[in-house]
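Asks: I am attaching a structure below and will ask some questions about it afterwards.
The values are calculated or read from the model by the stated rules, or taken from the named source; none is laboratory data. Quick caveat, the model's predicted, so the values are computed rather than measured. Every residue, glycine as well, gets a Cβ built from its backbone with ideal geometry; the counts of neighbours run over all protein chains shown.
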């Protein structure tokens, strides 16, 4: 998982749309850390590093794909090549932004959850 605080930290070869949206989010939100999931990242490792259970409800501990699961993120947008997931951790002052590419090697259950719960994102 990549941790991005400045646009220059994006890898060469990143999708132009991802680069645009990361730049836009940093401009809009200021001091925010952005995480980009990479192929072969393991969900338990991601959740441990973020200190946030992205596939488990924060209040009732139900885990996707339980039929009663309700996600805890505020927003999950589908941008075509990737998903953008946002968790707001306090009264709007602290947020975690996660980008999940739709690429081989990304956890299929994570991609399935994103496909099920995402809305179509705004174009930049």
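Asks: Among the residues of the range 30-64, write down those that are surrounded by 14 or more Cβ atoms within 10 Å (Cβ to Cβ) and in a helix (DSSP H, G or I).
Replies: 43, 46, 47, 50
Asks: If you don't mind, another one. Is the range 24-40 home to any residue that is closer than 20 Å to residue 114 by Cα and out of contact with any strand residue (DSSP E or B) (no Cβ under 7 Å at 6 or more places or on another chain)? Explain how you work it out, then say what you get.
Replies: Going residue by residue through the range 24-40, those that are closer than 20 Å to residue 114 by Cα are 25, 34-40.
Now narrow it down to the ones that are out of contact with any strand residue (DSSP E or B) (no Cβ under 7 Å at 6 or more places or on another chain): 39-40.
Yes: the range 24-40 contains one or more residues that are closer than 20 Å to residue 114 by Cα and out of contact with any strand residue (DSSP E or B) (no Cβ under 7 Å at 6 or more places or on another chain).
Asks: Give the residues of the range 14-29 that are part of a loop (DSSP other than H, G, I, E, B) and either touching a residue at least 24 places away in the same chain (Cβ under 8 Å) or farther than 18 Å from residue 80 by Cα (or both), sorted by residue number.
Replies: Within the range 14-29, the first condition is being part of a loop (DSSP other than H, G, I, E, B), and the residues that meet it are 14-15.
Result: 15, single match.
Asks: Just to check your reading of the model, which residue among 77, 84 is within 11 Å of the chain's Cα centre (by Cα), closer than 14 Å to residue 4 by Cβ and either at pLDDT 95 or above or assigned to a loop (DSSP other than H, G, I, E, B) (or both)?
Replies: Details: 77 fails: closer than 14 Å to residue 4 by Cβ.
Of 77, 84, the one residue that is within 11 Å of the chain's Cα centre (by Cα), closer than 14 Å to residue 4 by Cβ and either at pLDDT 95 or above or assigned to a loop (DSSP other than H, G, I, E, B) (or both) is 84.
Asks: Additional query: Restricted to the range 90-124, and to residues that are farther than 20 Å from residue 16 by Cα, over 14 Å from the mean Cα position of the chain (by Cα) and assigned to a loop (DSSP other than H, G, I, E, B), which residue is modelled with the lowest pLDDT?
Replies: Taking the candidates together, the pick is 92.
Asks: Let me ask you something else. Do you know which of the residues in the range 90-106 that are surrounded by fewer than 18 Cβ atoms within 10 Å (Cβ to Cβ) and touching a residue at least 24 places away in the same chain (Cβ under 8 Å) is nearest to residue 28 (Cα to Cα)?
Replies: Of all residues in the range 90-106, those surrounded by fewer than 18 Cβ atoms within 10 Å (Cβ to Cβ) come to 90-95, 102-105.
Of the ones still in play, those that are also touching a residue at least 24 places away in the same chain (Cβ under 8 Å) are 95, 103-105.
Working: 95: 13, 103: 27, 104: 30, 105: 30 Å.
In this case the residue turns out to be 95.
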